Every structure is written in C-alpha cells, then in structure tokens.
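Notes follow once the structure below has been shown.
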Amino acid sequence: MPVGIFASAIFLSAFLLFWLQPLFSKMVLPFLGGSPSVWNTAMMFFQIVLLAGYGYAHLLTRRIPALRWQLLVHGAIVGGGFVFLPFAVSHALSPPTTGSPLLWLVGLLAVSVGWPFFALSASAPLLQAWFARSGHRHSGDPYFLYVASNSGSLLALLSFPLLLEPELTLAGQSRAWAWGYAVLFLVLIALGIVLLRAVGRDNPSAQPQAAAIAKTDWRQRLTWIALAFVPSSLLLGVTTYVTTDIASAPLLWIVPLALYLLSFIIAFARRRLLKSAWLLKAQAAGILVVCVMVLLVLIFSKNASVLIVIGAHLLTFFITAILCHSELARRRPGIEGLTAFYFCMSIGGAAGGVFNALLAPLIFSSDYEYYLALVGACALRVFAEGEPDSLNRRDILFPAMLGLAIAAVAWQSVDASPLGLIGRLAILLPCAVALYSFTSRPLRFAFGVAAAIGAAVIVQGSVDVLHTERNFFGINKVRLVDGGRKVTLIHGTTMHGTEFTDPDKWRAPVSYYASSGPVAQMLNRAGTRRNVAVVGLGTGALACYRKPGEAWTFYEIDAAVEKIARDRRYFHYLEECGAGIRIVLGDGRLSLSAAPDRQYDLIVIDAFSSDSIPMHLLTREALALYLRKLTPHGVLVLHVSNEYLDLVPVLNTVIESIGVAGRHQLYYPSTVEAAQGASQSEWMLVAAHEVDFDFLAPEKRWQRLGSARNGAAWTDDFSNIFRAIKW
C-alpha cells in the first residue's frame, strides 16, 4: 500500500482547509468595518466545524465498520461540497446596523463555506484511520501523517500573503480553490480504489477489533482537552492583541496561526526535536518578558517598538504551543483510540475559539481572555514538570503580596508625572525577579502572573474610568485624564476624542481636532461646503466646525460610539454643535456607496479601530468611490495618525495610481498649543486637480506629495501591510 497517496490526500485537504480560512475571512472583512473580531469569529466557526468533522469521523469509523461503506459515505459528503463552489459574498447581503453582527457572520460562513469545510476537516482523521487498516509496515503508528496535514496547512498560510494574494484576485482565488477541491475528490476516489484492492472490501482481519479498543478514562480525556484549549485560546488572544492597534489584515492573522501549526509539526515529529526542560525555561522567560511589557502599557502607558511587541508576544505563544502540543503527542493513545484522541483535541480547540470569540465579550468588559490564557499556560507546566509538592499557603501568599505591591504602584501612577526609564526599570525589574522565583512551582507561577497583571488591570480599569462597553467592534472606555480636566473616549488603546470637563469649553474641539491643528486649518479656509460627510463619529468633535447652511452626515459602524457621544454625562459636542446633523449606522464605505454621486463638497475619513484604520477604507477602489461622491471641486480629508503604520507612502501610491492631487501635514503642536489641548496628528488631502487646493495657498504647512515609491497600490484584492509597518 503506497503511503504517498495517503500523505498527498492529507496534505492537499489541509492545504485547501487553511487556504479557505483567510480567503473567505478577507472577503467578509469590508462588510464589518475591518474589525479584528471578524477573524476571531471566523476562527471560532472553523474550529466548531472542525470539531463536527472530527466527531463525524469518529462516529463513521465506529458505527460503520465496513471500509467500503465508509468510503462511499465520505465520498458523498465531499461530492456534496461542489454545490457551494465557487464561493463568494454577495454585496446584496448587509450585516445588521444595530446589535452584534456575530450571528449574521456565523450564518454567512455556514451557508457559504460550511459544507466543503466540514468535508475537508473530516478527511485527515479518516485518512489516518484508513491507513491504520492498510497493512502498511508503519500502519501501527499513523500519527506521523499528522505532520503531512500540518505541513499542508502551514504551506497554505504562507502562500496566501506571499503568492496567492499578490497574484490572484479574491474571485480568482475562489475559482482556483474550487479546482483544487475537484483534484482532491479525484485523489480520494483513487485512494479508495487502491485501498479496497489492498485490504479487501470487508476483510475482518484488517479492521480494528472492537474488544481491543482501550477505554480512556475521563481524566486523560480532560487532559487532552486542556492541553488543546490553552494554545487555541492563546492563538486568538495574541492575534487580537497584535491586530487591534496595527491592522486587521491577513498577514497578521496568518503569522500566529502558522506558528500554531508549526508547533504541531514539531510536537508530532517522529523524533523529538526539543527537550521539555528547554521549553520550560524558554516559556518562563517569554512569559516574564510579556508580563513586563503588559505592565509597562497598563501602568505607564508606554509601548515598545512594534518589532519587540510582536516578537515577544508571538515567540512566547509559539513556545507555549510547542510545550502543550508536545505533551499531547507524548500522551497520544494507540491506533484504537486515534479518532477519539483527535476528537478530544478538537473539543479543546473549539472551546478555546468559543471562549474567546463568544463568551469572553459577554463576560468581560475588556480583553482579559488573553491574560487568562497566559495564566493557564503557566498552570499547564505541571504536566511537563510535575508539581514538586502539594499546594501550600505560600503559593497563594507570595503572589498576593506581589499583586498588592503592583496595585500600589499602579494607583500612584494614575495622573502622576511620567517616570523616566530609570524609574520604570526600578519598579519593573523587581517584579520580574519575583515572578522568576515562582517558576519552579507551576501553580505559584500561574498565581503570580494572575496577581501581577490582574492588579494592574483592576487599577487601570477602575481609577478615573467612567464607562466601559465592549461589543463586536471592540472595547470603548470613557475616562477622566489630565487630573480630571478632560474626559476622553478610548477605543482599544487609543484616544478617539477628548473634551474639556469645564462647561465653558464644551464647544472647543481638542486633541487631533484642536483649532490649531491640520483639520481646523483646512476647514476654516474651505469656505461654506453645502454637504459634508464624515466617516467615523468618535466623540463628535468635528461637528463644532460646521458652518451655517452646511448639512453634515456622520457615518459610524459602532452603535455604542453614537450612544456614548450623545450621553451628556460624558460628551457635549453633539448637544452643543450637532443640532440637525444626520448619523448613519453601518460600515462607512458601504453606507457611503449608497449616497448619490457628486453629493458631497467635503468628505472626511476619520475611522479607526483602536490605532488602526480599516484597510478597506484606504484602497484604490475606496478612494475612487470617495472621489465619485465628491462634487467637481470637492476635497477628501484623511486622518492617518498611526503609531505602528506609515500610511502616507501607501496613500501616496494610491493617489498617484488614480492620477489625482494630494497634500500632507504632520502636525506637532507648540508648547502653548499643547497646553490648550492640541495633540500631534497626521492628515492628508485628496482632490481631483491641483487647482482645488488653491484655497490652502496661504497655509504653508500643507505640503505637496512627492513621487510615490511604495510598490504596487493597495486594492481590495491586494495590500502589503509588511512594508507599511514602522519597524
């Protein structure tokens, strides 16, 4: 029996499985404002379907012993997937504008790609079970074929941003995927014919004996589930942590998932590549670094460079995944328990997805699930090294003392003058040393990490916080800043609008929209613009620049943002300046596309998800849409402030590819302007012709754009987020 045909079928099915995930998720992303929750929800759906596929494979091999009938049933399941190909997302389908779109997204995934994904997800365990009946000399340990499965998955993920996405449109990829599915169907037919000839149609001796099937106890099954749950939850947690501030883009989805799959390849290799002792030391060091970085953000509001942030979090996740999956591989049963083992693994994986995407947003007001997964990773070290002694009071007392110390420091840091580097090191290094001393006892280490991060989270989430609200589109917080002189709206980790608490200053825009800043310079010189559109509401500060006779429309995807902006306990811009303005709920680009062409004299794109601008608002097709909605001499204004991405070259390339004119300003407020509430910001202007900027001639701070040197322009089918990152 040739092992190559099994490996090829498993490799191809896994390749198609993990090509489908980022492909369809990217198709859906523009419908939901580029929210990071799109990927988490899609991952949850795919993990649940994977669980269903593994459960089906387990039942099929147990309830239908005859190999011929197993082949026929699964052939029919795979063949039924052709009804759904090639897949696409109709633009007639619109998500709800009120309430969470989670159920809409799950339903869309189910009716569009649920069947073919289910058929593919069952193929890997079924093919391994069939190989175990083939009589091949390695059939007694078919787990090595799991490496072929994960290799196919990994190749698909790496190919998507590097080869498939740059060379093929989304529709082209969908058609190519359908052809790959057809090839797999033919390979499965050939495999079935060869397998039946090799073992006989109903050869009882080739079937596993039911009496020999070991009944694994529930403790072992729960261990499998736990070892699969933590890496799955950590995968979604670290992906959200990275994409919230940078960008919700396939590249940043794929890297964590690729590391997750690579950990399976390493763990299930026929030869053990890494010793547990090495992994335990590396994981402890990684978790210490991540804890220090988290405390740096929570207590001191300081971020390291993007390379350090991404590298530390992903490396720690990767080591943890290898450690957990190596323990899974070490505890795997014989071939008689193969499908039950994979089924329990898929339960853990699906539970991690459901916890992060569905339960955590309902239970927690902030993204605490990532921190809990880190704590769980510390606790699972007990399976690799064992608890030297039973739990004692010092395992709780010492972490509690550390937590109290960190809480005191965090409390003193609220509204205090920022500490310099030496001061921060003097506080964080002792914390790291204390945590390191806990690493020899897994549960003490877990309690220590929970106490350290939990103390900072509690203080940061309670002191001066007036309101917190979490939904599909992220986490919105309203808090007092600057000693109570201002109130601000924070989405993720980024301020999205600020107002003075002094009633005499309620009509004075501050922060990015201050009267000395770029947007004020442009609006004050623009004259009266009959119709104005703003994509992104924030606190509504821009409404205070509306002139008599102007009709303004705000497009906002998150209903919670509108509710907060209208709440007089926090913000007053809409109350003071917004009489008569119109607010349209829904994705800004989709909603704007429904407006008549040549409708607006001015369009402002000021939409952010935390510190990230949704990428579908910056493509060539998006700019073409905005220009089509502008009047002949209209102007497009784009707010492109970003800590991690340099978006000016990206937009410069898009502007040049369309053949229109642009301006740019990076604004640094003076000391006086900063004292009046102004903050650094970066803006760009776009218009059909250079003459449309004549009104800005006296304002020398707006600069012409130079020649674009950023490669290909971003489109709905192509983007290169890697090149835009500020390394």
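Can you list the trypsin sites (Lys or Arg not before Pro) in the stretch 480-552 that are in a DSSP coil and have 16 or fewer other beta carbons within 10 angstrom?
R485, R507, R530
Can you give me the long-range amide H partners of I475? Hydrogens built in the peptide plane at 1.01 Å from N, cutoff under 5 Å, separation of 5 or more residues or another chain.
HN-HN under 5 Å from I475: G492.
What angle do you read, to the nearest 10 degrees and between 0 and 90, between the alpha-carbon axis of helix 421-437 and the longest principal axis of the chain?
20
Using 0.36 nm per residue, how much length does the chain from L307 to A88 gain when fully extended, once their Cα-Cα distance is taken away?
75.3 nm
Run down the aspartates and glutamates and flag those whose C-alpha is under 19 Å from the C-alpha of K275, throwing out any fewer than 8 positions away in its chain.
E327, E385, E387
Can you list residues from other chains, or at least 5 along the same chain, whose modelled amide H is less than 5 Å from the amide H of R598?
K629, L630
Ignoring ligands, DNA and RNA, how do L259, L666, L647 rank by accessible area with a 1.4 Å probe, largest first?
Output order, biggest surface exposure first: L666, L259, L647.
Given L328, W253, F318, which one lies farthest toward the positive end of the charge dipole of the chain, if we put +1 on the Cβ of every Lys and Arg and -1 on the Cβ of every Asp and Glu?
Farthest towards the positive pole: L328.
If each of V297 and V465 carries a label point 7 Å out from its Cα toward its Cβ, how far apart are those two points in nm?
In this crude label model, V297 to V465 measures out at 1.4 nm.
For a quick check: with amide H placed at 1.01 Å from N, whose amide H comes under 5 Å from V534's, ignoring anything fewer than 5 positions away on the same chain?
Residues meeting the criterion, in which the H sits 1.01 Å from N, are T553, F554, Y555, V604.
Probe 1.4 Å, all protein chains in place: accessible area of F608 in Å², nearest 10?
Rounded to the nearest 10, the figure is 40 Å².
Per residue, what accessible area does the chain have, given a 1.4 Å probe and all protein chains present, in Å²?
40
Cα to Cα, under 16 Å, and not fewer than 8 places away if on the same chain: which aspartates and glutamates meet these conditions relative to K477?
Straight-line reach from K477, under 16 Å: D245, D367, D464, E469, E499, D558, E562, D567, D611.
Please report the carbon-and-sulfur percent of the accessible area for the chain; probe 1.4 Å, protein heavy atoms only, DNA, RNA and ligands left out.
62
Counting DSSP beta bridges with both partners in the chain, what percentage is antiparallel, nearest 5?
65
Set the Förster distance to 45 Å, then compute FRET efficiency between T169 and F364 from the Cβ-Cβ distance, nearest 0.05.
The computed FRET efficiency comes out at 0.70.
Relative contact order of the chain: what whole-number percent is it, with Cα pairs under 8 angstrom and at least 6 residues apart?
The value is 14 percent.
With mean projected area of the Cα convex hull in nm² defined as stated, name the option among (i) 46.7; (ii) 32.1; (iii) 34.5 computed from the structure displayed.
(ii)
Test of the criteria: in the stretch 591-649, which trypsin sites (Lys or Arg not before Pro) are in a DSSP loop and have at most 13 other Cβ atoms within 10 angstrom of their Cβ?
R598
Starting at the first residue of the stretch 113-129, write each ³J(HN,Hα) from the Karplus equation 6.51 cos²θ - 1.76 cosθ + 1.60 with θ = phi - 60°, in whole Hz, x for Gly and Pro.
Values, residue by residue: 10, x, 5, x, 5, 4, 4, 6, 5, 7, 5, 4, x, 5, 5, 5, 5 Hz.
Out of the DSSP beta bridges found with both residues in the stretch 484-621, what percent are antiparallel (nearest 5)?
Percent antiparallel among DSSP bridges in the stretch 484-621 is about 30.
As I understand it, the dipole of the chain uses +1 on the Cβ of Lys and Arg and -1 on the Cβ of Asp and Glu, about the Cα centre. Which of Q283, I64, V463 lies farthest toward its positive end?
Highest projection toward the positive end goes to I64.
Classify the stretch 538-687 as rounded, prolate or oblate from the Cα gyration tensor: take a ≥ b ≥ c as the square roots of its eigenvalues, call it rounded if a/c is under 1.5, otherwise prolate when a/b beats b/c and oblate if not.
Oblate.
Return the FRET efficiency for the residue pair K726, S437: r is the Cβ-Cβ distance, R0 is 25 Å, and the value is rounded to the nearest 0.05.
Efficiency, rounded to the nearest 0.05: 0.10.
Can you classify the stretch 425-487 as rounded, prolate or oblate using the Cα gyration tensor, where a ≥ b ≥ c are the square roots of its eigenvalues, rounded means a/c under 1.5, and otherwise it's prolate if a/b beats b/c and oblate if not?
Oblate shape, in that a/c is at least 1.5 and b/c is the bigger or equal ratio.
To the nearest 20 debye, what charge dipole does the chain have about its Cα centre, counting +1 at the Cβ of each Lys and Arg and -1 at the Cβ of each Asp and Glu?
Dipole size: approximately 1820 debye.
Just to make sure I understand: if all protein chains stay in place, what is the order of D502, D558, D217 by accessible area at 1.4 Å, largest first?
Ranked list, largest accessible area first: D217, D502, D558.
In whole Hz, what ³J(HN,Hα) sequence does the stretch 40-51 give by Karplus (6.51, -1.76, 1.60; θ = phi - 60°), x for Gly and Pro?
Using θ = phi - 60°, the values come out as 4, 5, 4, 4, 4, 4, 5, 5, 5, 5, 4, 4 Hz.
Per 0.36 nm of contour for each residue apart, how much would the distance between E673 and A182 grow if the chain were fully extended, relative to their Cα-Cα spacing?
The span from E673 to A182 would gain 170.3 nm if fully extended.
Helix 250-267: angle to the longest alpha-carbon principal axis of the chain, degrees 0 to 90, nearest 10?
30
Give the cross-link partners of K547 among the lysines, using a straight C-alpha distance below 22 Å as the criterion and excluding same-chain residues fewer than 8 apart.
Cα-Cα hits under 22 Å: K505, K629.
V481: accessible area at probe 1.4 Å, nearest 10 Å²?
Rounded to the nearest 10, that gives 30 Å².
Could you run the Karplus curve 6.51 cos²θ - 1.76 cosθ + 1.60 with θ = phi - 60° over the stretch 537-551 and give me ³J(HN,Hα) per residue in whole Hz, x for Gly and Pro?
Result, ordered by residue: 8, x, 8, x, 4, 5, 4, 6, 9, 5, 9, x, x, 9, 10 Hz.
Using label points projected 7 Å from each Cα along Cα→Cβ, tell me how many nm separate K563 and N392, to one decimal.
For the pair K563/N392, the computed spacing is 5.0 nm.
If I stretch the segment between D504 and R525 completely, what's the gain in nm (0.36 nm per residue apart, minus their alpha carbon distance), one decimal?
5.0 nm
The values are calculated or read from the model by the stated rules, or taken from the named source; none is laboratory data. Just so it is clear, the model here is predicted, and its values are computed rather than measured. Virtual Cβ from ideal backbone geometry, glycine too; neighbours counted across all protein chains shown. Heads up: the accessible areas ignore ligands, DNA and RNA and are worked out on the full protein's heavy atoms, side chains in. Shrake-Rupley method; radii C 1.70, N 1.55, O 1.52, S 1.80 Å.
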